[in-house]
Structure formats: structure tokens, C-alpha cells
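The values are calculated or read from the model by the stated rules, or taken from the named source; none is laboratory data. These numbers were taken from a predicted model, which means no experiment stands behind them. In this analysis, Cβ positions are derived from the backbone assuming ideal geometry, glycine residues included, and neighbour counts consider all displayed protein chains.
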Amino acid sequence: MEGYVYMKVLKICRTCEFNMKGYCGNSGVYEYNEQIKKDDIECTGWGAELKYFSELIDNAPWYIKDPYKRYEIYFGDVLELLEQDHRGDGVEINIYDAIEKIYGIRWWELSKILGVSQGVVSYAKTRGTIPKRKIFFSNCLHIPVEFFDTILSTQLDVLEQCKEKFYKFYGEEKIEKMRMAANEDLFRKP
């Protein structure tokens, strides 16, 4: 994404759980129980210490942090995805999560905007968009059809442009009215 600084995982002695007060508690660059002379060397025996683990989670981009906080991925996955993102390979994102973050529209509000039931959007969010809906959703949201199959973090700038077209086409006021109606429907008693 333009202007985004990708996070690098520092697999060095300074951030390692095996740095035992300046002595190596594993083996990699240093042998077990060897004094650590330089703590900024990348190491194969590295594991994230608790403080660094928290820092990584706190500073991870939303498309990695949110799935972790929803228990959809493990910490090892977070490390892999951060490295993948840092290399510029892009991380696959759920299109409905991306719509929520970029467009500012939650999935149940999206159902009102798209003129479908909340169940349709919920199904698409959790299991994927069925073929007959992809073109319709694409046209309504001004999003390329292929994004409903796969969207990568490297394509979020394109989604930002789609959002601008969407808001320009419908107008902020109309979109806000549909969002409000969706929220009223959500909390309306049967």
C-alpha cells in the first residue's frame, strides 16, 4: 500500500525469549549458555520474548492483527504473515474485512446497501461470495470482481480508489441513510 511502512520482524538476541540476562538459552548464533556479545545479530534459534510479542501484535497491520484477535490465526502465523508482508508479497485479506476497514461499512450495513439479507452477506463473509453474487456486489461497490476471490494487502490502495468511486456515485448522505436503516433493522424487536 502506498505510504505504508511494512513491519520487519527483528529476530535478534535483543528481542529473543532465550536471551537470559545476556546469555544464550538456546543455540543459534551463540551456543547454549554462551555470553551474548552483540544483541543485534539475526539468529536462527530465535523466539519472541513477551514484550516484543506484545509489540508485534500491537503494531501489526489490521489485516494481520484482527484475525489474530478473533483467534483465526496463531502467533506463528502472525510472524509468517508479517514477514510475507515485509517482503512485499502481500497478505490475503477477507474482502468483507477490507470493505469494513476501507469503506467504513460493517457487514450488516452492507446487506442493506446491497439490497440482500444479512444472511447472504454473512455467508459470503464466512464462506466466500457465490458466483451469482460476485458481479452484482462488484457493480454495487465499484470493486473489481476478482477481489471477491482474492485481495492482497498490496492491493488496498486500489480498494481505496474503489471506495472513492462508490461514495462519489451514491453520495455520503444516501450511504449514511442506508447504514442507519441497517442498524435500525438490526436492533428492531421482532
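Figures for the structure shown
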read-out	value
Leading residue by the ranking (modelled with the lowest pLDDT) among those in segment 76-95 that are out of contact with any Leu (no Cβ under 8 Å at 6 or more places or on another chain) and crowded, with 19+ Cβ neighbours inside 10 Å	ASP85
Any hit, segment 24-39, residues being among the hydroxyl-bearing types (Ser, Thr, Tyr), surrounded by fewer than 19 Cβ atoms within 10 Å (Cβ to Cβ) and under 30 Å from ALA182 (Cβ atoms)	no
Residue match in segment 21-44 (condition: in contact (Cβ under 8 Å) with a residue 12 or more places away in the chain, closer than 30 Å to VAL158 by Cβ and of a type in the set (Val, Ile, Thr))	no
Residues of segment 50-74 classified as among the charged types (D, E, K, R), surrounded by 15 or more Cβ atoms within 10 Å (Cβ to Cβ) and within 23 Å of ASN19 (Cα to Cα), total	1
Selected residue [of a type in the set (D, E, K, R) and in contact (Cβ under 8 Å) with a residue 24 or more places away in the chain] from ASP77, ASP58, ASP66	ASP66
